[in-house]
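Okay, so here's the structure we're looking at.
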Amino acid sequence: MIYLENIVKEFPNKTRALNGINLHIKPKEFAIIVGRSGAGKSTLIQLITKQEEPTKGNIYVGGINYKELRKGDLPYIRRKIGVVFQDFKLLPKKTVYENVSYALEVSGVKSSEIKSRVPKILDIVGLANKAKNFPNELSGGEQQRVAIARALVHQPKILIADEPTGNLDPKTAWGIMDLLMKINEQGGRTVVLTTHNKEIVDKVKKRVITIKNGKVVSDQQGGGYTA
Ligand code: ADP
């Protein structure tokens, strides 16, 4: 599903954020990327979501070689991969419903389809009763649920989350992890996330990939937090 082959990423200021990453994440896998601040986690996520280009190496997602993608193909990738950020990135002047429906409107989905799809997604993330609220009327965990709902609107095969629990207290963070695991197990989607949260990593017993100085230093099924 996601293949990274000998990936090097050097920024224009010569910082080498990634230094020879080889990684294969299979369909329906749940993979957690851990590592200290500055290890290269966000850069890795940005390469997978095509926000950044690698300096060297190849990236394949769903059988597509990113090097062969043209500009016009980007929306296709955006639909294949749902992305969730630490700071939610919601539209403050739109309601919960509108934050989710807007993502469908801008890609030209019919309004009858939007009306049927949005309530179902809000139900999955447990926010059916908050559809009319604005982001500033929600807790951090609820805001993250809206962001997850929005990431799911195009029914992507892959959900990528960069520190999705980073701004949340431990109990709320668990709720978000539970939701991501449900999306993985019941929705059959590949989920890749980064986290600093040792307690969560140790408890969930999923695949844990540890990055250090831009390299994979450990990759274990059911592993603990070793960063
Ligand atoms: P993490 O997410 O693990 O904290 P990052 O991927 O953000 O790590 O950063 C890895 C390294 O790359 C760090 O040394 C960071 O300072 C550097 N870096 C990240 N983004 C940029 C950028 N846009 N320009 C220059 N250096 C960057």
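If I model a spin label as a point 7 Å beyond the Cα along the Cα-Cβ vector, how far apart are those points for residue 73 and residue 215 in nm?
Modelled inter-label distance: 3.2 nm.
DSSP beta bridges in the chain, what fraction antiparallel, as a percent rounded to 5?
Restricted to the chain, the bridges split so that about 55 percent are antiparallel.
Give the percent of DSSP beta bridges with both residues in segment 111-224 that are antiparallel, rounded to the nearest 5.
Details: 5 of 10 bridges.
Of all bridge pairs located within segment 111-224, approximately 50 percent are antiparallel.
With no solvent and one point per C-alpha, what does the Debye sum give as log10 I(q)/I(0) for segment 31-128 at q = 0.14, 0.16, 0.18 Å⁻¹?
Log10 I(q)/I(0), no solvent term: -0.74, -0.91, -1.05.
Can you pull the one-decimal nm distance between simple spin-label points at residue 60 and residue 105, each 7 Å off the Cα toward Cβ?
So the label points at residue 60 and residue 105 sit 4.0 nm apart.
Give me the distance between the Cα centres of segment 116-149 and segment 156-215, rounded to whole Å.
Answer, in whole Å: 19.
Please report, in debye to the nearest 20, how large the charge dipole of the chain is about its Cα centre when each Lys and Arg carries +1 at its beta carbon and each Asp and Glu carries -1 there.
Charge dipole of the chain: 320 debye, to the nearest 20.
Can you spot the lysines whose alpha carbon is less than 21 Å from residue 120's alpha carbon? Ignore those fewer than 8 places along the same chain.
80, 94, 110, 130, 132, 157, 182
Work out from phi, with θ = phi - 60° and the Karplus expression 6.51 cos²θ - 1.76 cosθ + 1.60, the ³J(HN,Hα) of each residue of segment 58-72, listed in order in whole Hz, and give x for Gly and Pro.
Once θ is set to phi - 60°, the couplings for segment 58-72 become 10, 10, 10, 10, x, x, 9, 7, 4, 5, 8, 6, 9, 3, x Hz.
How would you rank 70, 79, 150, going from fewest to most other Cβ atoms within 10 Å of each one's own Cβ?
So the residues, fewest neighbours to most, are 70, 79, 150.
What translational diffusion coefficient, in µm²/s and rounded to a whole number, does the Stokes-Einstein relation yield for segment 142-226 at 10 °C and a viscosity of 1.306 mPa s, taking the hydrodynamic radius as the Kirkwood radius over Cα pairs? Don't jump to the answer; show the numbers that get you there.
Numbers: Rh = 13.5 Å.
D, rounded to a whole number, is 117 µm²/s.
In nm, give the distance between the simple-model label positions of residue 171 and residue 15, each being 7 Å from the Cα along the Cα-to-Cβ direction.
The two pseudo-label positions are separated by 3.7 nm.
So which trypsin sites (Lys or Arg not before Pro) in segment 151-216 are both in a DSSP loop and have at most 13 other Cβ atoms within 10 Å of their Cβ? Numbers along the way, then the final one.
Values: sites: 157, 171, 182, 189, 198, 203, 205, 206, 207, 212, 215; in loops: 157, 189, 205, 206.
Those satisfying the criteria are 205.
Given only helices, namely DSSP H runs of n ≥ 4 each adding -39500 (n - 2.57), what is the per-residue ellipticity at 222 nm of the chain, to the nearest 500 deg cm²/dmol? Before the final figure, lay out each step's value.
Numbers: 7 runs with 75 residues, N = 227.
Helices in the chain give a 222 nm mean residue ellipticity of -10000 deg cm²/dmol.
Please give me the summed charge of the neighbours of residue 20: other residues whose Cβ is under 11 Å from its Cβ, Lys and Arg +1, Asp and Glu -1. Intermediate values should be presented prior to the final figure.
Working: positive: 9, 16, 56, 215; negative: 5.
Residues close to residue 20 contribute a combined charge of +3.
Once each part is reduced to its C-alpha centroid, what is the distance from segment 26-55 to segment 72-92 in angstrom?
15
Let's see if you can work this out: charge +1 on each Lys and Arg Cβ, -1 on each Asp and Glu Cβ, no other charges. What is the dipole magnitude of segment 91-155 about its Cα centre, in debye to the nearest 20? The partial results should precede the final answer.
Working: 10 positive and 6 negative charges, 18 e Å.
My answer is approximately 80 debye.
What does the charge count around residue 207 come to, taking other residues whose C-beta lies under 11 Å from its C-beta (Lys +1, Arg +1, Asp -1, Glu -1)?
Working: positive: 26, 205, 206; negative: 29, 219.
Overall, the nearby charge balance is +1.
Between residue 50 and residues 5 or more places away or on another chain, which pairs have amide H atoms under 5 Å apart, with H built 1.01 Å from N, and which residues are they?
Distant-sequence amide H within range of residue 50: zero hits.
Rounded to two decimals, what is the ratio between the C-alpha radius of gyration of segment 91-155 and 2.2 N^0.38 Å? Don't skip to the answer; put the middle values down first.
Values: Rg = 10.6 Å, N = 65, 2.2 N^0.38 = 10.7 Å.
Normalised by 2.2 N^0.38 Å, the Cα Rg of segment 91-155 equals 0.99.
Laboratory data are not the source of any read-out in this text; all were calculated from the coordinates shown. Every value quoted in this text rests on a predicted model; they were computed, and no experiment measured them. Virtual Cβ from ideal backbone geometry, glycine too; neighbours counted across all protein chains shown.
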